[in-house]
Amino acid sequence: MGIVLEYRGLELNVAEGVYLPSDDSYLLIDNLNLEPDDFVLEIGTGSGLISLIAAQTVRKVIATDVSPIAVICAKENVKRNKLEGKIEVRRGGLFDPINEGEIFDIILFNPPYLPENNKNAKKVSDWLEKAWDGGNNGREIIDPFIENCKYFLKPLGRVLMVQSSLSNSSKSCDLFKNQGFQVEIRNSKSFFFEKIILLHAWLVKK
C-alpha cells in the first residue's frame, strides 16, 4: 500500500517507507530548466517523481537511490507511466551506481540535509530516515557529493541541489567554488524554522 498522487499528467504511487514528495521536491521540479538532449543523473530519486518530470523533456535519465524500497517504488512508477525507454533506475549511494565512462549534462540532488538534532519528523523507518538525516551538521552526504560531482559531469555540466539553511548553504557555495564551479541561489522557500534553498552550480569553461 502507498499514497497515490497525480501530478503534471503523471500517476505516482509512493510506497510506505519512501519519501513523499514535499516542498523541497517541488522547489527542484519548478526550477529544472532542462534541454531535450540532456543526459540527466538524479541521485536519491525516492518515488521517482523528479526523474519522471525530467524524462518528459530530456533524452535519458539515470535515477538512483540507496534504499531498496525506493528503487522498487521508482521502477514501478516508471513502468506505470510508460517511461521505461527514458529512465533507468539503479540502487546505490552517491556515485557508486554510475558506470565507468558515464558523464552527465546535469545532476539533480535533493540530499539528506537536516542536522540530526534538528529533524522535525518522527522516526518511521530506517530507510525513510535516511532520506532526511544529514548527520550531526546536516552535511554528511552533501560534502562528499560536492567534492566528487565534477568527475561525473561534462565540461560545462551543471548541478541543481536542494539544501536547508540549517546545514550551512554558504559552506556549500564555497565548496562548489573550490571545485571549479560558479554557483548561485536559484530559488528558495522560507518556513518558520528554516529556509529551503536551491543551489545551481555549473562548471566554468577553462
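Projected label points at Ile103 and Ser188, each 7 Å from Cα along the beta carbon direction, are separated by 3.3 nanometres.
Applied to the stretch 62-70, the Karplus parametrisation 6.51 cos²θ - 1.76 cosθ + 1.60 on θ = phi - 60° returns per-residue 3J(HN,Hα) values of 9, 10, 10, 7, 7, 7, x, 5, 5 Hz, with x for Gly and Pro. Each DSSP beta bridge with both residues in the chain is either parallel or antiparallel, and the antiparallel ones are about 50%.
Listing Thr64, Thr57 from fewest to most neighbouring C-beta atoms within 10 Å gives Thr57, Thr64. The slack between Lys82 and Asn148, meaning 0.36 nm per residue of separation minus the straight C-alpha distance, is 20.5 nm. Taking a 21 Å limit on the Cα-Cα distance, which of the listed pairs Lys60/Lys82; Lys150/Lys171; Lys82/Lys154; Lys75/Lys189; Lys60/Lys177; Lys154/Lys205 fall beyond it? Among Lys60/Lys82; Lys150/Lys171; Lys82/Lys154; Lys75/Lys189; Lys60/Lys177; Lys154/Lys205, the Cα-Cα distance tops 21 Å for Lys82/Lys154; Lys75/Lys189; Lys60/Lys177. One chain, two ends: Arg8 and Asp174. Fully extended at 0.36 nm per residue, the span grows by 56.2 nm beyond their Cα-Cα distance. Ordered by the count of other Cβ atoms within 10 Å of each Cβ, fewest first, Phe104, Phe191 give Phe191, Phe104.
Averaging the sequence gap over all C-alpha pairs within less than 8 Å and six or more residues apart, then dividing by the number of residues, gives the stretch 47-109 a relative contact order of 36 percent. For the stretch 60-99, rounded, prolate or oblate, judged on the Cα gyration tensor with a ≥ b ≥ c (square roots of eigenvalues), a/c < 1.5 rounded, else prolate if a/b > b/c? Here the stretch 60-99 falls in the oblate category. Per-residue Cβ neighbour counts within 10 Å put Ile43, Ile62, Ile69 in the sequence Ile69, Ile62, Ile43, beginning with the fewest.
Length, then width, then depth: along the principal axes, the Cα atoms of the stretch 2-203 run 41, 40, 28 Å.
Values in this text are rule-based calculations from the coordinates and carry no lab data. Quick caveat, the model's predicted, so the values are computed rather than measured. No Cβ is skipped: glycine too gets one built from the backbone with ideal geometry, and neighbour counts run over all protein chains shown.
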